[in-house]
Every structure is written in C-alpha cells, then in structure tokens.
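Below: one structure, written as structure tokens.
The values are calculated or read from the model by the stated rules, or taken from the named source; none is laboratory data. Given the structure is predicted, the values throughout are model-derived calculations rather than measurements. In this analysis, Cβ positions are derived from the backbone assuming ideal geometry, glycine residues included, and neighbour counts consider all displayed protein chains. What goes into the accessible areas is simple: the full protein's heavy atoms, side chains included, and nothing from ligands, DNA or RNA. Shrake-Rupley method; radii C 1.70, N 1.55, O 1.52, S 1.80 Å.
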Amino acid sequence: MRRTAKVAAAVGLLGVAGLLTSERLPRPPGPPAAAPVRTTTAEVTRATVAERQFVNGSLGYAGSLVVSGAGSGTLTWLPPVGTVVSAGEAAYEVDGRRVTLLYGDRPAWRDIALGMPDGADVEQLERNLRELGFGAGLTVDQRFTGATAAAVRRWQQANRMTVTGALPLGAVTFTPGAIRVSGRDLEPGARVEPGEPVEHATGTEPAVTVNASTQQLAWIKAGDAVVVTLPDASNRPGRVAAIGTTTPGDGTAPSTVAVTIRLDGAVSGFVDQAGVQVWVVRATHPDVLTVPITALNAAGAGRYEVIVVDGPGTRRVPVRTGLFDDLTGTVEITGLLEGQQVQVPRDA
C-alpha cells in the first residue's frame, strides 16, 4: 500500500513537471493573419450600360487591290513593301521610266493625247493635274484640249520627264487613292505585260479585320459602333464598315466571314497584323443606376449585395443586377439611390 502510494505520488509529480515543462516550450507559429483589404468608396451613378461581347481581330490596313501593268517592258524598280505611294509618285518603273500613280476608278487603257475621243480617263487625268497644282486654266471634263496638253507639259517638266504634252499607254496607272505596297507579284528584271499583276497593295487607313463565325454575325451588323482595344491597351472607337462573304469551313474549322472595322482617328506605331480585341454591343440599357462591378458581394443563390457607406458606419444592402459592362467595369443595379456611396476595393 505504501509502495503504491509512492508510485502514484511519483507519477503525479512527473505529470506536474511535464505540464510545467510544456508551458516553457515554444509554441509552433500559427498561420499568418490575413492582410486587411484596403477599401474606398464609389458613387452610385446614372448612366448607359452596354453588355458587350469581345471577338479577336487583327490590325492592318483597309482594302486590297492589285496594281497591274499598263504597258509592256522590263520591270526595273519596285517600291519596298510598306511604302506609301500617293498621287504623282512612282508606282514602279518599266525600262527605267517611272509609271506614275494617279487617282481614279478607271484603269488606263489607251494613249492620252490631242485628237483622242472624249472619255473618263481624260477627266481623271485632268482632275489629278489640277490637284497636283498644274491645272491653271484647265477645265475638268472628258475632252483632251490644248489646255490639257499644256498642263501635262508643265507636269512633265516639273518631274524631269520627256516633255511631250501626251501620255502613252503605260506612263500612268490609276488607283482609287493612295496605296500602301503590301506585296510583290514580280521582281525587277521580269517582263511586264498589260493587265499582268505587278504588286499588291492596300489602302493607307488603319482598319481591323475580324474573322467572325456565323453565330457571331447574329449580333454584328454593318454600321454598328464598336470599341477596339489596341496592342498598347488603349481603347479606340470604331464602326463596322463592311461584312464580306462567307469562307466555308474545312471540317476542322467553322465557316467564317471577314468583318472590316474602321477606326476613328489616326493610329500609328503598330505592327501590321497585330492582335486586337473588338468589343461589340449586344444589348444597351440607357439611364440606369450603376456601380463598379467590384462593389458586388456574393450573397448566395445567385444574389448580390453591396456595402453602403453612411458617414462613419456601413450596412449591407441587397441589390438586383442587370447588364454587366465588362469593358467599363460597371453593372446595372436596382435597390440603391443615386448619389449613395458604396464600398469598393482600393487599387494597390
């Protein structure tokens, strides 16, 4: 009995010693405390909200055309790819003589000189001569007169050409406007024949091309306003200018349609065929209450609430959402009043 009591006492002492020892051991570190979310406030405002869908596109130049030979000879020079050629400048050279680019919708098809029948090519030439500053006393019509010949001589002399007052077939080529050379069909030394492609070109105006699926065409229409996010992350307004014909799929890829989008204002410093995002409006609700999307807090079962800031205090208020505008980062809501302040995360 006395031994049992001693054992029990010893065990008790060991237990106490163990407790004392455990109190002195360092505790393992717990998980770090979560950093508090920095917040600020945003005002409930009234605005137009647009629900948008983005599609991928490529930034390039509007239009495409082929610059064809107007006469026969040996191709002796071509401008480098990327060169912009305007009225009065050389589109290429044949037999060492420049073929001058002029503006017009009709191709050159004959010699232009005194005694020729009237025609649209004469009118195109006279309009260019006037625009280039050589049309003093010239009436722009379809008749080649002495005044036309005099204007041609002034132009030839200013550009160090053989001064004849006439233009043989192959001396000029007409395009609807300034061009940007995008590719070569021939190389110097090749034979040029009338109507044979010499070089490919585009217009000089930046444009976006989207290869849209037939499903996307349900909400892309000619004339629609769009917003284009450029490679530098800036947004530029634009408009759907044209919808092309359908390119059939091949079994591995769906059918697509080329959509051309013209941009508002000049765009410079971009790499041709750079990728962009085009935001197309699918639905619009004008004059509605909006808050930043970041103000929404999930409340379960697809419901949302926001934290309304009233002076020093806050309160949670349930709201109903309408259209989400991912481009502007705003959402249509009901359940609040215009001018109220809601809590949103503060940018770092």
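In a reduced charge model with +1 at each Lys and Arg Cβ and -1 at each Asp and Glu Cβ, the chain shows a dipole moment near 2120 debye about its Cα centre. Summarised in one figure, the compactness ratio Rg/Rh of region 140-270, Cα atoms and Kirkwood Rh, is 1.13.
Go ahead and run the numbers for FRET between Thr245 and Val66, Cβ-Cβ distance against an R0 of 25 Å, rounding to 0.05.
Details: r = 18 Å, r/R0 = 0.73.
That pair, Thr245 with Val66, gives E of 0.85.
Counting only heavy atoms of the protein chains and using a 1.4 Å probe, Asp105 has close to 130 Å² of accessible surface. Extension gain for Thr40 to Val84 (0.36 nm times residue separation, less C-alpha to C-alpha distance): 10.7 nm. Averaging over all projection directions, the Cα-based convex hull of the chain occupies 38.3 nm² in the image plane. Derived scalar couplings between HN and Hα for region 159-174 equal 9, 6, 9, 5, 8, 10, x, 9, 10, x, 4, x, 7, 9, 9, 9 Hz in order, rounded to whole Hz, by the Karplus curve 6.51 cos²θ - 1.76 cosθ + 1.60 (θ = phi - 60°), x for Gly and Pro. Loop-located trypsin sites (Lys or Arg not before Pro) across region 37-99 with a Cβ neighbour count of 15 or fewer within 10 Å are Arg38, with loop assigned by DSSP.
To the nearest 10, the accessible area of Met116 is 30 Å² with a 1.4 Å probe.
Solvent exposure of Trp77, expressed as accessible area, is near 100 Å², computed with a probe of 1.4 Å over the protein chains only. Based on protein heavy atoms only, region 198-348 ends up with 55 Å² per residue of surface accessible to a 1.4 Å probe.
For the chain, adding -39500 (n - 2.57) for each run of n ≥ 4 DSSP H residues and dividing by the number of residues yields -4500 deg cm²/dmol at 222 nm.
Atom-type composition of the exposed protein surface of the chain places 54 percent of the accessible area on carbon and sulfur (1.4 angstrom probe).
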